[in-house]
Amino acid sequence: MATKSFKEIEAWQLAHQFVLQVYDLTNNFPKEEIFGLTSQFKRAAVSIAANICEGYKKIGKKDKVRFYNISQGSIEECRYYLLLSKDLDYGYPLGMEDLLDQCSRKLFGYVNQ
C-alpha cells in the first residue's frame, strides 16, 4: 500500500526516535563539547531522518537511492559518535545502536526493492 507521508516510513520513524534519544543524551554532555561532539552528533542524527524525508519525495529510483545512501552514511557516522561517547564516559544508552541497526536494514530493503 502506498504511503501518504514520510511519517509512515518505518525507517523514518526509527530515525526520528534516534534523533530524540541523541538530543536527550547530548544534553548531559560537558558544556565544552557544545561546538564539538554535541553539535556533530546532533547534525548527523538529524541528517538520517532528513534525508529519508527528502528521498521520499523524489520521483526516480536513482534520486531516492541517493538520499537513502546519504542516510546510511549518517548512520555510520552516528555509530562512531556512540562509540566515542562511550569511550569518553559521556554515556551509552543500550537501545540506540539497535535503532541504527533497524533503520539501516529498512533503508537497505527500500533500496533493493
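Any read-out appearing in this document is the output of simple, stated calculations on the displayed coordinates, not a laboratory observation. For clarity, every value in this text was computed on a predicted model and none was experimentally measured. Reconstructed Cβ throughout: ideal geometry from the backbone, glycine too, with neighbour counts over all protein chains shown.
Values as computed for the structure displayed
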quantity: Search result, residues across the range 1-29 that are surrounded by fewer than 20 Cβ atoms within 10 Å (Cβ to Cβ) and of a type in the set (S, T, N, Q); calculated: Thr3, Ser5, Gln13, Gln17, Gln21, Asn27, Asn28
quantity: Extreme residue, surrounded by the most Cβ atoms within 10 Å (Cβ to Cβ), among residues of the range 30-50 that are β-branched (Val, Ile, Thr) and part of a helix (DSSP H, G or I); calculated: Ile48
quantity: Search result, residues across the range 67-113 that are assigned to a helix (DSSP H, G or I) and among the hydroxyl-bearing types (Ser, Thr, Tyr); calculated: Tyr68, Ser71, Ser74, Tyr80, Tyr81, Ser85, Ser104, Tyr110
quantity: Which listed residue is under 15 Å from the mean Cα position of the chain (by Cα) and in contact (Cβ under 8 Å) with a residue 12 or more places away in the chain, from Ser74, Ser85; calculated: Ser74
quantity: Test set (1) under 16 Å from Leu107 (Cα atoms); (2) hydroxyl-bearing (Ser, Thr, Tyr); (3) assigned to a helix (DSSP H, G or I) - Thr3 fails condition number; calculated: (3)
quantity: Where a residue in the range 51-66 is not in a helix (DSSP H, G or I) and its partner, wherever it lies, is not basic (Lys, Arg), with Cβ under 8 Å and at least six apart; calculated: Lys58/Phe67
quantity: Enumeration of residues in the range 88-113 that are within 12 Å of the chain's Cα centre (by Cα) and of a type in the set (Asp, Glu); calculated: Glu97, Asp98, Asp101
